[in-house]
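The structure under discussion appears below in the form of structure tokens.
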Amino acid sequence: MALFVPDEAKLIGKRVLGGWKGIFWSVEMRTMFHGQVHKFRTKELELSFTQGRWNYESWGGFDPIPSNNAKPPGVELWAVFDVPQDQVDASWKNLTHSLSGLFCASINFLESSTTYSAPQWGFRSASGSLRYGTLPREAVCTENLTPWLKLLPCRGKDGIAALMDRPSIYKGFYHSQRLHLTSTRFDSDGVDSGVVLEQTLTLVLQPPEKRAIITSQETKSQPSWSLTSIFGREVNGRCVLAKSSNVYLQLDQGLVAELDNLQKENEMLVADFIGYEGLRSSHGFQLSVKPDMILEEVNGSHRNKPSLLYVFSVEKYSDSDPFDLGLTWKLPVVWSCQQAPLHASRFLMGSGNERGAIAISFESTRLSEELLHSDLTEEKCNLQIHVSPSEDKVAPGLMEMILKFPCGTKSAVVTLEFDKGFLHIDEYPPDANQGFDIPSAVISYPDFQASIQFLEDKSLETLPILAKLQEKSSVLSYTEVLLVPLTTPDFSMPYNVITITCTVFALYFGSLLNVLRRRVAEEERFLKSKDAKKGSPVSQFLSKLSAKLTGRPLETPQPPSTSSSFICSKLIVKVVLVAGIAVVWKFYLE
């Protein structure tokens, strides 16, 4: 299904097996990001926050929606700068800090030179001024969605954006919010003439209704759905700041072919089921709202069956008559979406803490067999490699490969071996035992263009989203995020060393202060009190009287000079002993 508000907010999606797929927005804005673009001279920028992984086998990977909007888990950021080559890294670091504050995320972690790279082949050519970085472990929450919604003209309060219910969005299988910024060339004064910001929100949601209708092949039917059942809200018209507001429902080529087969099997004598009555009340499904326009794709590649696009205008609806598009399935229908030319999967090989390997497997899909059966290529695999070697604690390693397989290739595996290194204790994250994430690999198919061409019609000029769907762009896909365990030290040993060191220093300084301050003062007070007792006649009389009564001899006091000299010698010995311990401890540490 597809929802769309032209010029101010465009929303597109499609219903797929077991989920709800695709939301696309486009916003032209000159306020919020204008200062950032001018300050860092950013020509092009793309930022995405993704939760979950796109299922290319079930949700497709060849049409423009998954090819352009399916992103890797976590945060992905790439930018092209219009600055001298020696200033690109500084502009990148400043940009990451700015975006981190705008979207309440940890994008500032991408400022480190070990977290970003400068690809040459994987993205469009930018003469070395492009920087790319990802944070696979970044969590996506409503704190990141709120700034995204604030960029919309009516935010999330009116128009189609009112469907953006947080619980409905985050309980889905897949969620990705994307920002794509493009600025025109800077003039001689460094001032840009315009900024265009495209916002994309891609969702895969599970409708609440799950009817367990089982066919003879034990396949479950598609659950019926509506906007109210999925989002819990209705559309009460368009945003007052939008020029127009339309909702799109797209039938995939595979679905059209399957409906055509069901029509033939049931011997329904309908010449053209593309019309409104045939599609709203067909034997396969029923729509709750009449479409205003139906567009047919040109040159459909899936068994020569074109995809269909229904257009619903939201402007004529209001609070008293809300828009609530729904689709009810009458029969169990199962179809397959268009997949990428090759199904790519990445996994780890090896064991132990010394060496390992990363393997990427490619398996041919039915699409590649249909499109490549007439090509003539050499019966060998051509390989071109561009490598940016990693530098320890300075820059990550980057490998870009161009692979050309012969037409008869069913599968292939590329293996890359690596050595596991030892990190400093300060370089480990708080959860070091979990492992280290290797970002998703980007796979591009430059010979395959993801686009949907429709019949030429004057009405297409009033639907800007169709121009977006007809743009030819290379098919892109992402692999899995890998978790590599590295050798981790015993983090209890620093605690033990700190404890022992603190204990030794406490004993040292405690003994030193005890010798220099507390014991000397006690001896002085004792000698003064003793001398005072000697000079008093009353104390001498009491001492003699006590000696006669008890029959003990009268004690004769020693001269104070002897006791004082003894105390001084004892103090000197203790000071020398403590100083010797300090000297030995110092040389021992060195």
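The values are calculated or read from the model by the stated rules, or taken from the named source; none is laboratory data. None of the values given here were measured: they were computed from a predicted structure. Backbone-built Cβ (ideal geometry, glycine too); neighbour counts: all protein chains shown. These area figures cover heavy atoms from the full protein model, side chains too; ligands, DNA and RNA do not enter into them. Shrake-Rupley method; radii C 1.70, N 1.55, O 1.52, S 1.80 Å.
Odds and ends about this structure:
- Computed extension length for Val196-Glu57: 46.7 nm, one decimal, from 0.36 nm per residue of separation with the Cα-Cα distance subtracted.
- Charge tally for Ser106 (other residues, Cβ to Cβ under 12 Å; Lys, Arg +1; Asp, Glu -1): -2.
- Inter-probe distance in nm under a simple model that places probes 7 Å from Cα toward Cβ, at Phe509 and Ser411: 6.6 nm
- Ser388-Cys104 pseudo-label distance in nm [points 7 Å out on the Cα-to-Cβ vector]: 3.3 nm
- Each label was represented as a point 7 Å from its Cα along the Cα-to-Cβ direction; for Lys290 and Gln87 these points are 6.1 nm apart.
- Dipole-positive endmost among Thr488, Val515, Thr462 within region 395-521 (Cβ charges, Cα centre): Val515
- Above-threshold pairs, the threshold being 20 Å between Cα atoms, out of Lys93/Lys468; Lys43/Lys93; Lys290/Lys330: Lys93/Lys468
- In terms of the mean number of neighbouring beta-carbon atoms within 10 Å, the peptides 150-159, 390-399, 324-333 order highest first as 150-159, 324-333, 390-399.
- Label reach from Tyr170 (point 7 Å along Cα→C-beta): in region 46-82, amide nitrogens under 14 Å belong to 50-52.
- Accessible area ranking (1.4 Å probe, heavy atoms, ligands and nucleic acids excluded), largest first, for His97, His175, His386: His97, His386, His175.
- Euclidean distance of C-alpha centroids, region 65-114 and region 405-480, integer Å: 17 Å
- Low-density loop cleavage sites - chymotrypsin sites (Phe, Trp or Tyr not before Pro) in region 397-452, where at most 10 other Cβ are within 10 Å (DSSP): Phe422
- Taking 30 Å as the limit for the C-alpha separation, the pairs Lys150/Lys393; Lys243/Lys305; Lys157/Lys316 exceed it in the case of Lys150/Lys393; Lys243/Lys305.
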